[in-house]
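To keep things clear, I will list the structure first and then write my remarks on it.
Every read-out reported here was derived from the displayed coordinates using simple, explicitly stated rules and does not represent laboratory data. Remember, it's a predicted structure, so these values are computed and weren't measured experimentally. Counting neighbours? That spans all protein chains shown, and the Cβs are built from the backbone with ideal geometry, glycine included.
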Amino acid sequence: MNVSIVIPVYNEAERLGACLAAIDAQTIRPYEVIVVDNNSSDGTAAVATQFPFVRLLQERRQGVVHARTTGFDAAGGDIIARIDADTLLPPDWSAQMLQIMADTQLAAVSGAPHYYDFAIPALADRIDHYWRQRLADKLAADNFLYGANMAIRRSAWLTVRRELCAVAGLHEDFDLAIHLQAHGFRVVYDASLIASVSSRRIDTNLADYIRYTLVSPRTYARHRLRSRRHMYPVLLISWLCHLPGRVLYRAYNPHTQTFSVGQLLVASQARPDPTSHVA
């Protein structure tokens, strides 16, 4: 099976190079790598062009949902993998993903995160994996997809793409999973498919963090899925962990692998909310 890797990007010049270098180190090289620049103003496109295997596309409609769709539509592989610009794939990721997708009854899969820029990554991973698996088990046939670490059959994408919701206030990966399962496609969470990701989303004030996380059940509510009730215990845990988690994220320097209270004084780089940054 040929694999296309799609990466929607917006002002990711600082992160994209490491992401693409990790793809270049895959034991099974992808058929193609598509970077979709969504109106970046920081040199993101220039970083992408430094890698000869990258196909760079432009999407002028603002929003990760539009960039995702442009990349998926352009992909020619049998399997379309989707990651974020801050995702660092381990060398055997493509091989493992293909092994999972060898199950012809499977339409899409998403895996677990490893938080590479968190002060105590083993603890963060353990907590995240437990609640993510619990949620997947509870949701059952209404399972989710995780956009930073996922893959979908191109044939399944072509079946649902015209039905997808391209509006603000929704998680586009959750919406995709919902539409796939409405067609009877099987979507799974496989905790063995691990990709390293940033925990930077936690570096925001509590009100904004709560607003962002509530988009998950709101996406399910739009489709009248009562299974969204299973999300609230997970959200409550994430809200309780927000303050200590933000401190541990900001106080840690992943480059030196040191923990310093002085890091807390370093100004954070605000990121737009991908669920509201849609035009």
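Taking amide H as placed 1.01 Å from N in the peptide plane, the amide H of Ile194 sits under 5 Å from that of Ala112, each at least 5 places away or on another chain.
The Cα atoms of the stretch 87-242 give a gyration tensor whose axes a ≥ b ≥ c have a/c of 1.5 or more with a/b no greater than b/c, which makes the shape oblate. Estimated purely from DSSP H runs of n ≥ 4, each contributing -39500 (n - 2.57), the mean residue ellipticity at 222 nm for the chain is -11500 deg cm²/dmol once divided by its residues. Size descriptors for the stretch 57-128, from the alpha-carbon set: Rg then Dmax equal 15.1, 39 Å. Using the Karplus relation 6.51 cos²θ - 1.76 cosθ + 1.60 with θ = phi - 60°, the per-residue 3J(HN,Hα) values for the stretch 228-236 come to 4, 4, 6, 7, 5, x, 5, 5, 4 Hz, with x marking Gly and Pro. A simple charge model with +1 on the Cβ of Lys and Arg, -1 on the Cβ of Asp and Glu and nothing else charged puts the dipole of the chain at about 880 debye relative to its Cα centre. If the segment from Tyr232 to Ala279 were pulled out straight at 0.36 nm per residue, it would be longer than the present Cα-Cα gap by 14.1 nm. Measuring nothing but alpha carbons in the chain and taking Rh as the Kirkwood radius, the Rg to Rh ratio lands at 0.93. For the pair the stretch 100-122 / the stretch 173-198, the C-alpha centres are spaced 10 Å from each other.
For the stretch 37-87, the calculated P(r), taken from all Cα-Cα distances in 10 Å bins from zero up to the bin holding the longest distance, is 21, 59, 19, 0 percent. The label point for Thr159 and the one for Tyr31, both projected 7 Å from the Cα toward the Cβ, are 1.8 nm apart. How much of the DSSP beta bridge set in the chain is antiparallel, as a percent to the nearest 5? The answer is about 35 percent antiparallel. In the chain, a dipole from Cβ-located charges (positive for Lys and Arg, negative for Asp and Glu) runs towards its positive end, and of Ser196, Leu265, Val215 it is Val215 whose Cα lies farthest in that direction. Here, P(r) means the percent of Cα pairs in each 10 Å bin from 0 to the largest distance; for the stretch 150-230 it is 14, 41, 37, 8, 0. Normalised Debye scattering of the stretch 202-279 at q = 0.12, 0.17, 0.24 Å⁻¹ gives log10 I(q)/I(0) of -0.46, -0.78, -1.13, counting only Cα atoms as equal scatterers and leaving out solvent. Estimated from the Cβ-Cβ distance and a Förster radius of 35 angstrom, the FRET efficiency linking Gln257 and Asn39 is about 0.55. The charge dipole of the stretch 52-128, taken about its Cα centre with unit charges on the Cβ of Lys, Arg, Asp and Glu (plus for the first two, minus for the last two), comes to roughly 300 debye.
Annotation: Cα Rg of the stretch 1-78 relative to the compact-globule expectation 2.2 N^0.38 Å equals 1.03. Largest GNM mean-square fluctuation across Ala81, Ala102, Ala195, computed for the chain with C-alpha springs under 10 Å, falls on Ala102.
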